[in-house]
Structures are given as structure tokens and as C-alpha cells.
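Everything on this sheet refers to the single structure shown next.
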Amino acid sequence: MKIEDFDFHGREFQFGSLERIMKKNGFIHEGQWDYERVTFDYKMLDKTDDATYFLRIQAFAVQGEIPKEDAEVQLLTPFLGRHYYPHGVEYDEDFPDKIVNKCKNKIESVYNELVEADK
């Protein structure tokens with residue numbers, strides 16, 4: 001599910017700022033990067049239906065290389081998926097409102113911090 005309620009897609013930020021803000025907000029990117037692309041994941045566990053969800057925010061380098069601090073990266077539209085063992089993450093389904101709302105709050109927090117850091 002794409003989360004398109006925010007002016008995220010196409011915005012450019014320095015990778016160092018993005019990485020710090022994402023980490024501060026609970027996102028990880030471990031080995032999910034190469035020199036041109038990066039994926040930040042926020043993992044959510046829902047005990048009511050024993051499900052694991054991932055909010056994913058991706059970016060790609062428009063100048064420089066990831067993971068250099070001064071690389072300029074462009075954000076893509078965030079999306080939400082549910083993990084199914086052992087098959088992987090499914091993005092095309094109905095998600096609980098509480099999970100969608102949590103994702104929107106998380107994206108809003110990240111977005112506001114990025115815009116503030118970019119001033």
C-alpha cells in the first residue's frame with residue numbers, strides 16, 4: 001500500500017541528515033543499500049492478529065554515493081507491507097486502520113524533521 005498523503009515523493013535531502021532522522025524515528029537500513037539506493041524499514045508487531053508489518057521509505061542518490069554524508073538523495077513514496085513467513089512481504093491488501101494511522105504519524109514526524117533540518 002502506497003501512503004501518498006504527504007509531499008514525500010521527489011524531495012531531496014542529504015543522506016547524512018536523512019540517516020540520522022530515520023534512525024532517531026526507529027527506522028533501520030542495515031544491509032538494505034547499495035551506492036545508489038537505500039531502504040529504511042520501520043517494523044511493527046501487532047499481537048492482536050500475530051502480524052508483522054513494515055513501513056518502508058526508499059531513496060536513491062541523485063548526486064554522490066550512499067552512504068556518504070553529503071550524498072544528495074531523492075525520496076520515493078512510502079509504502080506499507082505485511083510479512084508472511086516464509087514468503088516475504090505483501091503490499092497489496094487491506095491493512096488495519098491502527099497500523100495505517102501509526103504509519104501516517106511516523107511519516108509526518110520524519111517529514112517534519114527532514115524539512116526542519118533542511119532549512
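None of the figures in this text is laboratory data; all of them are computed from the coordinates on show. In this text, all values refer to a predicted model and were calculated from it rather than measured experimentally. Positions of Cβ are generated from backbone atoms using ideal geometry, with glycine treated the same way; all protein chains shown enter the neighbour counts.
Data overview
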{"item": "From phi via Karplus (6.51, -1.76, 1.60), per-residue ³J(HN,Hα) for the stretch 49-59 in Hz, x at Gly/Pro", "result": "10, 6, 10, 10, 10, 10, 8, 10, 10, 10, 8"}
{"item": "Helix axis angle, 97-117 relative to the chain longest principal axis, alpha carbon, degrees", "result": "10 degrees"}
{"item": "Environment charge at residue 12 (Cβ cut-off 13 Å; Lys +1, Arg +1, Asp -1, Glu -1)", "result": "-3"}
{"item": "For the stretch 23-74: Kirkwood Rh in Å [reciprocal of mean 1/r, alpha carbons]", "result": "12.1 Å"}
{"item": "Identified option (computed semi-axes √(5λ) of the Cα gyration tensor in Å; candidates (1) 25, 16, 12; (2) 23, 15, 12; (3) 20, 17, 15)", "result": "(1)"}
{"item": "For the chain: relative contact order, % (alpha-carbon pairs under 8 angstrom, 6 or more apart)", "result": "31 percent"}
{"item": "Residue 118-residue 87 FRET efficiency (beta carbon distance; Förster radius 35 Å; 0.05 resolution)", "result": "0.35"}
{"item": "Rounded Å value of the spacing that divides the Cα centres of the stretch 24-44 and the stretch 64-119", "result": "9 Å"}
{"item": "On Cα atoms only, tilt of 15-24 relative to the major axis of the chain in degrees", "result": "40 degrees"}
